[in-house]
Amino acid sequence: MLVGGSLFFASLVSGDQQIQIPQNQCVVPFSQGYVNWSTGMVCATGKVVPTDRKKADSPDFILSAARIAARRNLVDILKQLNIHAGQSVGALAASDDHILAGIEKNVMDARLIKQSYTSNRSIEVVLETSIFGGFLQLVLPEEIKSIPTLEIIHPPVSLRKNQLEYTGLIIDATAIGFDPVLYPVVVSELGDQIYNALFISREFAVQKGVCRYLCRMDSVEIAQWVGDNPIRVKGLRKGGTGNSSIVISKSDADKIEKIRERHRFMKACQVVILVSQ
């Protein structure tokens, strides 16, 4: 379930904490935290109630235990994220101890963003980590490789009809119930590959994600990710194993394939997918 904002903010309760989510951002709640697919941030809570043991009377001990609980919850949330074709991070980590160790190391560096105390001296903390960077380097498929810089050959100015270059791609998937995944693929209704590992350069995918997810077309952040002149298409339906692909019409696919500069903005992952709240 995605949680989108109201006019300005939506409130999301994580543990005993109430967290404000900006209006355009797409958030998936979990029992002990949430994933913000618009910013790439993952938050988890950890709460510890002191016991009668003498050691547990120490506030430092209680705080340390709460952090450990929050880190454990962060790992659990990250494991539940879907990568592509029905494969979860947890399934991938279960098959490779190196990946699991890398995820746990990533979580050790999570940032403390909230800390609260209750009358019974229990402590609850909220930790935050990012899926960008080291985490995506670990879990993105190896088929996403670095692509060398391509020289785009344009037709003579006289033949361009003063048309501005496209700077990115926006896919409206609000009507098809698409759930965010780490590696979404776009195909035409005839099965042609429109956006996948062939077009994506790994360094950009790791740094900022294969795409950005938003819940509102009028988001001021759109231009930051896809520039001032993106091409816009609509999703027809979900497809592929695990519904991790977005199917677009042949006519929209043809429009994209005629854009010479598409290789440049796709390589840089300048793609926004709009999903329903």
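Please treat every number below as a calculation from the coordinates, not as lab data. Since the model is a prediction, treat every value here as computed from it, not as a measurement. Here the Cβ is made from the backbone with ideal geometry for all residues, glycine too, and neighbour counts use every protein chain on show.
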Could you list TRP37, TRP225 so that the one with the fewest beta carbons within 10 Å of its beta carbon is first and the one with the most is last?
TRP225, TRP37
Among 25-31, 99-105, how do they line up from the highest to the lowest mean number of other beta-carbon atoms within 10 Å?
25-31, 99-105
Spin-label pair SER122/LEU190, simplified geometry with 7 Å Cα→Cβ offset, distance in nm:
6.0 nm
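Past 19 Å, Cα to Cα, is the threshold; run LYS208/LYS255; LYS145/LYS250; LYS145/LYS258; LYS145/LYS208; LYS79/LYS238 against it and keep the listed order. It would help to have the intermediate numbers written out before the result.
Numbers: LYS208/LYS255 26 Å; LYS145/LYS250 27 Å; LYS145/LYS258 24 Å; LYS145/LYS208 15 Å; LYS79/LYS238 23 Å.
Listed pairs above 19 Å: LYS208/LYS255; LYS145/LYS250; LYS145/LYS258; LYS79/LYS238.
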Pairs of Cα atoms farther than 26 Å apart, region 157-274, %
13 percent
Cβ-Cβ FRET estimate between GLN137 and LEU112, R0 fixed at 25 Å, reported to 0.05:
0.55
